[in-house]
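Below is one structure, written out as structure tokens; the observations come after it.
Nothing in this text is a laboratory measurement; each read-out follows from the coordinates by a stated rule. Quantities reported herein were computed from a predicted structural model and do not represent experimental measurements. Neighbour counts are summed over all protein chains in view; Cβ atoms, including those assigned to glycine, are modelled from backbone coordinates with ideal geometry.
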């Protein structure tokens, strides 16, 4: 059975916590076969945070780990959309009805 | 409201003012290029800033305005009265939108929206009949049409922006994403690709370094300089390439070569974001391999950024030389402007108030120390405290100076008012401003606007005659309203002068009798008749116009001015014009006072008003006037006026004060000399108290009341008038 890990990030994915988050993310990859990221509580993301997600995704791909973001907060969704990265991560994105424009 | 928004509103209003002034000037000099550029810049700044604070309704509105200005700037449309009028109305609307933002509303009211939409459709009329848009498909051969900023609407092609952020951008506190969001405010981002290739392996990656790059297709009417400016903050720290719309394929090839990523990968990215077609890419890369093989290493050695991008582009005839020159000079202008701004510091008003408050306390404490030193009779101590006192005085003066602003800005607002009103009422009126550099306290400046507005409108509406009538009377056709400010012995005087018909005495008198303000048959001097216009509910306009005569009378003007411890007067010569004179204290905070005593209490009289002090002779004991070198000097006895107990001392003194040309005496027990005072306003429960202007604290810790000389004189005059059986309505009963 695949070792499935789940990591929820509650703090903002910003430069202020970048160091911790990097360790957290890379650490979570250790020994996992499937890693699920729950970003539903992440209120903010900046370039540093985005970079880390990209790094994690790439690193996961290198190690043959399936990394997926299972829940997006609105901020994460908007940023990924803006940067045209939704396809890169390839995760299903749930858009709440009331947010649809 | 967050800080950013309030800064935006403040600066936005300044820009708006610049725009409005510029537009008014444009009406006079339609060919002034600098001016048009200035207006454009102001509009552009507002738009950009509104994007930063994510205020969509202002941004989209300003976008439309900017489009029209841009065409104006490029000589595609010409200046006309209709256009400036429309743009001025747009300024008004923008002011309204800023109010909406300031009030914290999400969206403007429906009425404002309708208004905005109407303006936008009017604006659209100026953009729609544009010259035919640059036809697509001429990309390669039509070099002269390559640069499209400001040209016809480019629908099919976009700017290509390629940016690689340097590793230290994040540490510098900047967030590249926010630059991109800002970029989106310039126009529409058609496509955007994130380039994460530079991120090293997990072990080496420093989460605080930035490794990202972006390829962006942007559709905008903004100029290249505008786009570059988005990245101003991180200019030294990022690699930025901007290709104008319709760039040649070879330019993209060059770009591909200069960027750090693998050529093939980059080519794909460009294809993905729509800059190139697959065929173009393949052909390009092929030809590059063949032709550039020997050249390319050399190219890589020479850092691509050594040669300014502009020059590269000019070399390749992508951008016309003059466009680059214009962009460069614009950038220089901007940096010069920044240098000017750097000499100004924005300080929050309450911090300044706090400082002045403290200086006030310092003045009081200084006075107390001085008193003690004098009592101690130690000459060293007296000397050192006197130096201290002088320094405190200097500090006080400089602190007060901080609050002083020039009245010019307030005056300049009236250019617009006069323009609009004179059109509305069909009179030709010029506004003349003198003494715009006169400085006065900021609070006064803020509050003087409304009364002035009323007076100016009155002058235009009632004062200045229609052009035909003026010609008949032998006056120049164009009427003239003058705003004038100057300093006069401790107060500032503002005059509103018109060369109109003057105040019609007969009409005023008739009206006053009609209203029961004056008894028929009562004889009044000319000046007394004119002064009747200050009475509540008095308006001589025979027809109620849109401008004045709305029931808000001159009495409200006067009350507003009085609340600033000022007063106003009117003088008028029939047929020649009217002058309103407003007299205001220079500052509301600290005055030089003259300390007097009655019984055990101390009072302060503003020193500017004191002319002389004389001894009260015994024989005048029961009268309330005396003969001062042949003049009648009415006086008040403070002891009686304030109903104080105790007996009069054997020798009383009179302080002779003058205010606005009137002299009066104030009888006090003893004189205590000059004294610097910080005015502490009385609490609002005392606002109906007449004769007291405020309070202050003496060095000894006692409280002294500051006399409101004007009110005292007035009261004295009123009492006299009543005794002479003049009927005067009680002004305090009037409700606005």
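For the reader, a short list of remarks on this structure follows.
- Where labels lie 7 Å past Cα in the beta-carbon direction, separation of residue B:471 and residue B:388 in nm: 7.4
- Peptide B:175-182 has a mean shielding of 4, counted as Cβ atoms of other protein chains within 10 Å of each residue's Cβ.
- Anisotropy class of region B:349-405 from Cα gyration tensor, a/c 1.5 cut: prolate
- Stretch gain in nm, segment residue B:381-residue B:428, where the contour uses 0.36 nm per residue and the Cα spacing is subtracted: 10.2 nm
- For region B:436-489 versus region B:352-407, the gap between their alpha-carbon centres in whole angstrom: 39
- Shown for B:224, B:507: other C-beta atoms within 10 Å of each C-beta, ranked fewest to most, produce the order B:507, B:224.
- Peptide B:688-695 shows a mean partner chain C-beta count of 0 within 10 Å per residue C-beta.
- The distance separating the Cα centre of region B:504-538 from that of region B:668-717 comes to 33 Å.
- FRET efficiency, residue B:24 to residue B:450 (Cβ-Cβ, R0 30 Å, nearest 0.05): 0.90
- Taking other Cβ atoms within 10 Å as a rough exposure proxy, B:534, B:159 sort from fewest to most as B:534, B:159.
- Estimated distance in nm for a label pair at residue B:2 and residue B:190, the labels positioned 7 Å out from Cα along Cα-to-Cβ: 3.2
- Region B:629-711: relative contact order in percent, alpha carbon pairs under 8 Å with at least 6 residues between: 22
- Inter-chain Cβ neighbour count for A:44-56, averaged per residue, equals 6 (cutoff 10 Å, partner chain atoms only).
- Where labels lie 7 Å past Cα in the beta-carbon direction, separation of residue A:81 and residue B:523 in nm: 8.6
- Residues of region B:384-422 with amide N under 13 Å of the 7 Å Cα→Cβ point at residue B:347: B:395-405
- Exposure proxy order (Cβ contacts within 10 Å, fewest to most) of B:445, B:596: B:445, B:596
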